[in-house]
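K.L.:
Quick one: the structure is below, and I'll ask about it shortly.
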Amino acid sequence: DMSSSPHSDKHSRLFLGSDSWVRGSRSIQRLRTRKHRHPGESTSMMSAAVYSFAHGRASAAELAATLALKHERIESHTFPDGESRIRIPSAAGTAFVYCPLDRPNGKLTELMLAADAFRRGGTRRLVLIAPYLCYMRQDKAFHEGEAVSQQAIARFLSSLFARILTVDAPLHRVSSIA
């Protein structure tokens, strides 16, 4: 069970450590084979798929092939004023969203909009696969008035996704973001 990681809890749902990708791959295998069937739900909604934006597409496709899952691309369009439109091609019952979070600001907005699109499409379980997890360095306010980005981003992502799987979360003074 993914919640058995010593570095995860019901709030942050993170996986850390040198063998996290291996543990994470096994966890994905278990998650994709679970039956989350609800009354009246079609069998197509019980499926699982890996989704990605243009950034990270090659790695997401490789992960999907390894897990024998379908890979789908999330469409993103940027309007002249800088706003984004996100479109998902289909909604699987379990959606693994692959998104490396380097240069994160625009990607965080895309993830928020994609999570909304998945939920509107009927996805029951959203899992974020973020090889690099952003904003984890600032674990305390160093000066009055500063945000603690680690906690703020952890709360934000945890509100969007049932689980978050990462390989590189640059935690310096803490081992968990609970």
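K.L.:
Among M136, M112, which is part of a loop (DSSP other than H, G, I, E, B) and within 16 Å of the chain's Cα centre (by Cα)?
P.N.:
Answer to the check: M136.
K.L.:
Report, by residue number, each residue of region 156-178 that is part of a loop (DSSP other than H, G, I, E, B), open to solvent by 50 Å² or more (accessible area, probe 1.4 Å) and at pLDDT 95 or above.
P.N.:
Taking region 156-178 and keeping what is part of a loop (DSSP other than H, G, I, E, B), we get 161-162, 169-178.
Then drop every residue that is not open to solvent by 50 Å² or more (accessible area, probe 1.4 Å), which leaves 172-175, 178.
Selection gives nothing.
K.L.:
Picking from A147, A61, A152, which residue would you name as being over 26 Å from S47 (Cα atoms), free of Cβ contacts under 8 Å to residues at least 60 places away in the same chain and in a helix (DSSP H, G or I)? Write out each step before concluding.
P.N.:
Numbers: A147 fails: in a helix (DSSP H, G or I); A61 fails: over 26 Å from S47 (Cα atoms).
Going through A147, A61, A152 in turn, the sole match is A152.
The values are calculated or read from the model by the stated rules, or taken from the named source; none is laboratory data. Fair warning: this is a prediction, and the values are worked out from it, not measured in the lab. No Cβ is skipped: glycine too gets one built from the backbone with ideal geometry, and neighbour counts run over all protein chains shown. Each accessible area value is taken on the protein alone, full model and side chains, heavy atoms only, with ligands, DNA and RNA left out. Shrake-Rupley method; radii C 1.70, N 1.55, O 1.52, S 1.80 Å.
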